[in-house]
Amino acid sequence: MQEKTTAFLFDLNGTIIDDMEFHARAWHEILTNDLGADLTWEEVKKEMYGKNSEVLARIFGDDHFTGEEVHKASLKKEKYYQEAYKPHLKLIDGLHDFLKQAAENKVKMAIASAAITDNIDFVVDNLDIREYFDALVSADDVDNSKPDPETFLKAAEKLGASPEECIVFEDAPKGVEAAQNAGMRCVVITTAHPKEDFAQYSNVVAYIADYTDAYTTGFFTEGV
């Protein structure tokens with residue numbers, strides 16, 4: 001690495017766990033069956049980024065629901081997601097060893113995600129990986145969702161790291177854009193999008209299918 005790396009910032013969904021299909025199912029259930037949105041499966045998948053309140057506002061308009069209605073729909077969606085996904089919950093291949101190696105090399109780590117706090121807790125506690133993370137930043141902690149850089153900048157601040165010292169692990173174009181806006185390098189994990197979807201970003205340093213990739217092992221054999 002050209003710059004010294006002292007911190008890893010991980011998105012959650014599609015980056016730590018490969019669960020985006022289950023989020024799509026949950027959103028499709030809530031949006032079409034509960035709320036009556038006239039959306040196809042593909043349209044739902046394209047809209048389900050950012051905070052839950054932002055998803056609902058994009059589809060139905062800013063003032064369509066009261067705050068209480070948004071909260072209720074959000075809770076129902078996450079309950080549906082967690083119940084459906086829990087039997088399948090597991091880390092992306094190679095990640096546990098990668099986290100362990102990073103910790104042994106004293107690399108600070110954070111989760112920086114648009115997921116709500118409850119979903120982050122659901123993952124880190126059920127998979128017993130909380131010990132590896134020095135900070136957790138969720139949708140509940142920021143005013144502006146990705147591609148705004150706030151999520152990553154807040155995580156870096158919590159770790160005491162400058163943007164130049166951080167490497168972000170992301171699976172989505174808007175997340176990569178947020179990292180670029182934060183002045184951070186990014187490793188793309190191709191669980192949800194092909195390489196072509198990231199061609200416009202200059203901060204991508206590598207593409208990996210999972211954490212068994214030779215690039216990730218190079219962090220520790222070559223030094224970070």
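The values are calculated or read from the model by the stated rules, or taken from the named source; none is laboratory data. Quick caveat: nothing in here was measured; it's all calculated off a predicted structure. Positions of Cβ are generated from backbone atoms using ideal geometry, with glycine treated the same way; all protein chains shown enter the neighbour counts.
Only one entry in LEU159, LEU127 is under 16 Å from ILE111 (Cα atoms), at pLDDT 95 or above, of a type outside the set (Ser, Thr, Tyr) and within 17 Å of the chain's Cα centre (by Cα), namely LEU127.
Checking the condition in contact with a helix residue (DSSP H, G or I) (Cβ under 6 Å, 6 or more places away or on another chain) and surrounded by fewer than 18 Cβ atoms within 10 Å (Cβ to Cβ), which residue from ASP197, ASP210 passes? Answer to the selection: ASP197. Just one of the listed residues (ASP19, ASP34, ASP11) is surrounded by fewer than 20 Cβ atoms within 10 Å (Cβ to Cβ) and either modelled with pLDDT of 90 or more or assigned by TED's automatic domain parsing to the domain that holds GLU78 (or both), and it is ASP34. From the list LYS72, LYS76, the lone residue that is touching a residue at least 12 places away in the same chain (Cβ under 8 Å), within 22 Å of THR117 (Cα to Cα) and among the basic types (Lys, Arg) is LYS76.
Please verify whether HIS64 is loosely packed, with under 14 Cβ neighbours inside 10 Å, assigned to a loop (DSSP other than H, G, I, E, B) and not assigned by TED's automatic domain parsing to the domain that holds ASP118, treating the condition exactly as stated. First the steps, then the outcome.
Numbers: loosely packed, with under 14 Cβ neighbours inside 10 Å: yes; assigned to a loop (DSSP other than H, G, I, E, B): yes; not assigned by TED's automatic domain parsing to the domain that holds ASP118: yes.
So HIS64 fits the description; yes.
Of GLU164, GLU150, all but one fail to be assigned by TED's automatic domain parsing to the domain that holds ASP11 and closer than 13 Å to ALA112 by Cα; the exception is GLU150.
Annotation note: Cβ proximity below 7 Å between a residue of segment 159-185 that is assigned to a loop (DSSP other than H, G, I, E, B) and a residue that is at pLDDT below 95 and among the hydrophobic types (A, V, I, L, M, F, W, C) (sequence gap 6+ or interchain) occurs for ASP171/ALA192; ALA172/ALA192. Across segment 38-52, the number of residues qualifying as surrounded by fewer than 18 Cβ atoms within 10 Å (Cβ to Cβ) and modelled with pLDDT of 90 or more comes to 6. Here ALA102 qualifies as in contact (Cβ under 8 Å) with a residue 40 or more places away in the chain and either in contact with a Ser or Thr (Cβ under 9 Å, 6 or more places away or on another chain) or under 28 Å from THR221 (Cα atoms) (or both). Among the residues making up segment 192-205, a single one is aliphatic (A, V, I, L, M), farther than 18 Å from ILE17 by Cα and within 17 Å of the chain's Cα centre (by Cα): VAL204. Taking first residues from segment 200-216 that are touching a residue at least 40 places away in the same chain (Cβ under 8 Å) and partners that are surrounded by fewer than 16 Cβ atoms within 10 Å (Cβ to Cβ), the Cβ contacts under 7 Å between residues at least 6 apart in sequence or on separate chains come to ASP210/ASP93; TYR211/ASP93; THR212/ASP93.
Among the residues of segment 172-191, those that are under 24 Å from GLU21 (Cβ atoms) and surrounded by fewer than 20 Cβ atoms within 10 Å (Cβ to Cβ) comprise PRO173, LYS174, THR190, THR191. The C-beta contact set for segment 8-35 (first residue closer than 25 Å to ALA178 by Cα and in contact (Cβ under 8 Å) with a residue 24 or more places away in the chain, second residue part of a strand (DSSP E or B) and among the basic types (Lys, Arg), distance under 7 angstrom, 6+ apart or interchain) is empty.
Of all residues in segment 181-200, those satisfying the criterion of being touching a strand residue (DSSP E or B) at 6+ places or on another chain (Cβ under 7 Å) and not hydrophobic (A, V, I, L, M, F, W, C) are ARG185, THR190, LYS195. Go through the residues of segment 137-155 one by one and say whether even a single one is under 28 Å from SER74 (Cα atoms) and assigned to a strand (DSSP E or B). Taking every residue of segment 137-155 in turn, at least one turns out to be under 28 Å from SER74 (Cα atoms) and assigned to a strand (DSSP E or B).
Filtered by the rule that a residue be among the acidic types (Asp, Glu) and over 21 Å from PHE152 (Cα atoms), segment 90-124 gives ASP93, ASP97, GLU104.
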